[in-house]
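The values are calculated or read from the model by the stated rules, or taken from the named source; none is laboratory data. What you see is a predicted model; the values in this text were computed from it and never measured. Here the Cβ positions follow ideal geometry from the backbone for every residue, glycine too, while neighbour counts run over all protein chains shown.
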Amino acid sequence: MAAPLLRSCRLGASLFTAKCQTTNQVSQYSTSESLVTSTGKKDELYRQLTLEIKGHDSAILNSYQKFTAMAAKELGVNIVSMYDPPRIFTRMSLMKSVFVHKKHFHQYEMRTMYKVFQIKHITGSTASTFLEYIQRNLPEGMAMKVTKIQIEQLPSHIKPPADAANQIQSSQQTTKH
């Protein structure tokens, strides 16, 4: 950690103080109590992040699964489950001749294999960093589909019943004593 800090110090004193401030802010905001980023905006919370990766070569999919698991471990992302959905086989028959010789045809087959990763309870900044890293290293011939389920507050015009609000307040007061 000291080497990057020294490199930024050579550029100027203002960068050094800015770098020190950001390192202090990172340690401050890495706790679960505060989800406010350094820009002052609240960070999004995702209840679930689902990555669906498909390709035609199972060896490449297995290698990419190991890479994704190692990247998640380094970034502190908890992958809840990894599973393989059923394979999809697409078969097409093509005749050599247009009208005659019905016996002479070729049959082509495309096999599509899938891997699904599910990540639960992740912040938006961590998710964007993780996704950018693994998408940049996606091998050729593979596709990735990302589904994000975000946690949001109820709108202000939707309020719980008055009885439920009183019960919640009374239960909070009893737990404090």
His101, sole failed condition from (1) at positive phi; (2) in contact with a strand residue (DSSP E or B) (Cβ under 7 Å, 6 or more places away or on another chain) = (2)
Which pairs do you get when a residue that is within 19 Å of Lys120 (Cα to Cα) and touching a residue at least 12 places away in the same chain (Cβ under 8 Å), found in the stretch 54-77, comes within reach of a residue that is of a type in the set (Phe, Trp, Tyr) and not in a helix (DSSP H, G or I), reach meaning Cβ atoms under 9 angstrom, with the pair 6+ apart or on two chains?
-> Gln65/Phe117; Thr68/Phe117; Ala69/Phe117; Ala72/Phe117
Name the residue, out of Ser63, Ser97, Ser58, Ser93, that is more than 12 Å from the chain's Cα centre (by Cα), among the polar types (S, T, N, Q) and modelled with pLDDT of 95 or more.
-> Ser63
Would you check if Phe105 is among the aromatic types (Phe, Trp, Tyr) and surrounded by 14 or more Cβ atoms within 10 Å (Cβ to Cβ)?
-> no
Would it be correct to say that Thr68 is closer than 30 Å to Ile151 by Cα and of a type in the set (S, T, N, Q)?
-> yes
Does the stretch 135-156 hold any residues that are within 12 Å of the chain's Cα centre (by Cα) and without any contact (Cβ under 8 Å) to a residue 12 or more places away in the chain, and which are they?
-> Gln135
